[in-house]
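Quick notes on the structure that follows.
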Amino acid sequence: MQGPAGAFSLQSPFSGDLQQLFLPELLLQAGQGRAAGQLSLGFAESLSWDGRLQLSELDPAYWLAEMPGRLGGP
């Protein structure tokens with residue numbers, strides 16, 4: 001896929017329905033940065049999410065140029 005700062009990839013098996021989505025082995029790679037872990041998304045009454053991610057050198061400017069920096073840690 002392509003974001004404002006370049007190409008990125010997203011991989012994970014998933015399960016769910018029209019109310020929720022579960023990604024148990026999420027791997028997001030964007031440039032030198034990555035996010036890995038689990039993510040649950042809810043769509044039923046409102047948008048909700050719960051994630052357990054490990055970030056490494058993830059740059060938010062990949063998606064929003066006004067937010068340069070590096071994120072790392074759980």
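Per q in 0.13, 0.16, 0.26 1/Å, what log10 I(q)/I(0) does a Debye calculation on the alpha-carbon atoms of the chain return? Computed log10 I(q)/I(0) values: -0.43, -0.63, -1.15. Less than 5 angstrom separates the built amide H of Gln20 from those of Phe43, all sequence-distant by 5 or more or on a different chain. Taking 0.36 nm per residue of sequence separation and removing the Cα-Cα distance, the Ala61/Gln32 pair yields an extension gain of 9.2 nm.
About the Cα centre of the chain, what is the dipole size in debye to 20, counting +1 per Lys and Arg Cβ and -1 per Asp and Glu Cβ, all else neutral?
On the way: 3 positive and 7 negative charges, 42 e Å.
My answer is approximately 200 debye.
Rounded to the nearest 0.05, what FRET efficiency is calculated for Arg70 and Gln20 with R0 set to 30 Å and r the Cβ-Cβ distance? Intermediate values should be presented prior to the final figure.
On the way: r = 31 Å, r/R0 = 1.03.
Efficiency, rounded to the nearest 0.05: 0.45.
Taking all protein chains in place and a 1.4 Å probe, what share, in percent, of the accessible surface of the chain do carbon and sulfur account for?
Numbers: 3030 of 5300 Å².
In the chain, the share of accessible area belonging to carbon and sulfur is 57 percent.
For the chain, leaving out every one of the chymotrypsin sites (Phe, Trp or Tyr not before Pro) that falls in a DSSP loop and has at most 15 other Cβ atoms within 10 Å, the longest unbroken run is 15-42. Distant-in-sequence amide contacts of Asp59, defined by a placed amide H-H separation under 5 Å and a gap of 5 or more residues or a different chain, comprise Gly33, Leu71.
Modelled spin-label separation between Ala7 and Asp50, with each label point placed 7 Å from Cα along the Cα-to-Cβ direction: 3.6 nm. The mean sequence distance of close C-alpha pairs (under 8 Å, at least 6 residues apart), as a share of the length of region 11-52, puts its relative contact order at 31 percent.
The values are calculated or read from the model by the stated rules, or taken from the named source; none is laboratory data. Since the model is a prediction, treat every value here as computed from it, not as a measurement. With ideal geometry, Cβ positions are generated from the backbone for all residues, glycine too; neighbour counts draw on all protein chains shown. Side chains are part of the model used for accessible areas, which takes the heavy atoms of the whole protein and leaves out ligands, DNA and RNA. Shrake-Rupley method; radii C 1.70, N 1.55, O 1.52, S 1.80 Å.
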